[in-house]
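Data first, discussion second: the structure below is written as structure tokens.
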């Protein structure tokens, strides 16, 4: 089986390259014709392209967030539709769901904000694909050496990490090993449609904070005011302060079994590496 990747140098892309070994890399600047050439004999295309979301959103950066996902996906889908590719797996995010609502893939209420709009347009482009198509809605991906954990771990190691506000916001997360496992499972079993890439057990920010402190053997006594995060990130603070309670019903019903269902086990394994 031959796999092609966009966003191959990112956190998830790097992990997938290690897992699947010899991948075809599709670069951001490749035009449609070049992508079609690269897709010769490729069985599965995994689309991970997109500028980092946790960064202050100026108007130009919002435009980049949209273009790096939607325009790139549009170009890729056009190429896939001309190829002999059998399976297209694209990316979205749980930001498509509203805050403070329990959601699985059957949830029809969608977020009415920038992240919700971004995810809806991103998925709409992916759904234009005429091949078997799967969309993963990523939760917070936890793993060694990158992602959200890499950005938050330093203050925790210094003993100055803490909850965000009152700590009641819900975090829906997934261990990198399970995200890679979901890709393998979906490809092996030819599963299509939308899947929430999250653990079956979302946790409050308080629970997450205490689990990370325990894994690092550090205190977690200094809460971070939401206002401080808003000052630092502006509108993008919603990525860190939003409360998304999301469940992976479809992948569980399809028979996948998570290696790391619980946050304590996941963080302990990552920190011990």
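Restricting segment 166-221 to residues that are under 15 Å from the mean Cα position of the chain (by Cα) and farther than 29 Å from residue 87 by Cα leaves a set whose member that is surrounded by the fewest Cβ atoms within 10 Å (Cβ to Cβ) is 202.
Note on segment 255-264: residues that are surrounded by 15 or more Cβ atoms within 10 Å (Cβ to Cβ) and without any contact (Cβ under 8 Å) to a residue 60 or more places away in the chain amount to 1. Among the criteria (1) more than 19 Å from residue 224 (Cβ to Cβ); (2) crowded, with 17+ Cβ neighbours inside 10 Å, the one residue 162 does not fulfil is (1). Candidates 88, 136: the one that is buried (at least 16 other Cβ atoms within 10 Å of the Cβ) and over 16 Å from the mean Cα position of the chain (by Cα) is 88. Annotation: of all residues in segment 230-254 being farther than 23 Å from residue 168 by Cβ and in contact with a helix residue (DSSP H, G or I) (Cβ under 8 Å, 6 or more places away or on another chain), the one that is surrounded by the fewest Cβ atoms within 10 Å (Cβ to Cβ) is 254.
Residue-wise test of (1) modelled with pLDDT under 95; (2) farther than 25 Å from residue 119 by Cα.
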{"site": "230", "(1), (2)": "yes, no"}
{"site": "239", "(1), (2)": "yes, no"}
{"site": "247", "(1), (2)": "no, no"}
{"site": "250", "(1), (2)": "no, no"}
{"site": "265", "(1), (2)": "no, yes"}
{"site": "270", "(1), (2)": "no, yes"}
{"site": "273", "(1), (2)": "yes, yes"}
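Taking every residue in segment 231-253 that is within 16 Å of residue 136 (Cβ to Cβ) and pairing it with any residue that is part of a helix (DSSP H, G or I), at least 6 positions away or on another chain, the pairs with Cβ-Cβ distances below 8 Å are 244/94; 244/95; 246/94; 251/182; 251/185; 251/186. Number of residues in segment 83-121 that are free of Cβ contacts under 8 Å to residues at least 60 places away in the same chain, farther than 17 Å from residue 170 by Cβ and in a helix (DSSP H, G or I): the value is 5. So for segment 116-123 (the condition being surrounded by 16 or more Cβ atoms within 10 Å (Cβ to Cβ), closer than 13 Å to residue 47 by Cα and at pLDDT 95 or above), does at least one residue qualify? Yes, segment 116-123 has at least one match.
Just one of the listed residues (131, 102) is under 14 Å from residue 248 (Cβ atoms), surrounded by fewer than 18 Cβ atoms within 10 Å (Cβ to Cβ) and modelled with pLDDT of 95 or more, namely 102. Scanning segment 38-56 for residues that are more than 30 Å from residue 238 (Cβ to Cβ), buried (at least 16 other Cβ atoms within 10 Å of the Cβ) and free of Cβ contacts under 8 Å to residues at least 60 places away in the same chain yields a count of 4. Can you tell me how many residues in segment 175-225 are under 28 Å from residue 91 (Cα atoms) and in contact (Cβ under 8 Å) with a residue 60 or more places away in the chain? Here the count works out to 29. Residues of segment 122-144 that are more than 18 Å from residue 66 (Cα to Cα), in contact with a strand residue (DSSP E or B) (Cβ under 9 Å, 6 or more places away or on another chain), touching a residue at least 60 places away in the same chain (Cβ under 8 Å) and not in a strand (DSSP E or B): 139, 143.
Do you know which residues across segment 15-37 are crowded, with 18+ Cβ neighbours inside 10 Å and not in a strand (DSSP E or B)?
Across segment 15-37, the qualifying residues are 15, 16, 20, 26, 30, 35.
Against the criterion of being surrounded by fewer than 21 Cβ atoms within 10 Å (Cβ to Cβ), within 18 Å of residue 14 (Cα to Cα) and within 19 Å of the chain's Cα centre (by Cα), residue 70 does not qualify. As a summary of the residue check, residue 83 satisfies the conditions (1) over 14 Å from the mean Cα position of the chain (by Cα); (2) crowded, with 22+ Cβ neighbours inside 10 Å except for the one numbered (2).
The values are calculated or read from the model by the stated rules, or taken from the named source; none is laboratory data. Every value quoted in this text rests on a predicted model; they were computed, and no experiment measured them. Cβ sites come from the backbone with ideal geometry, for glycine too, and all protein chains shown count toward neighbours.
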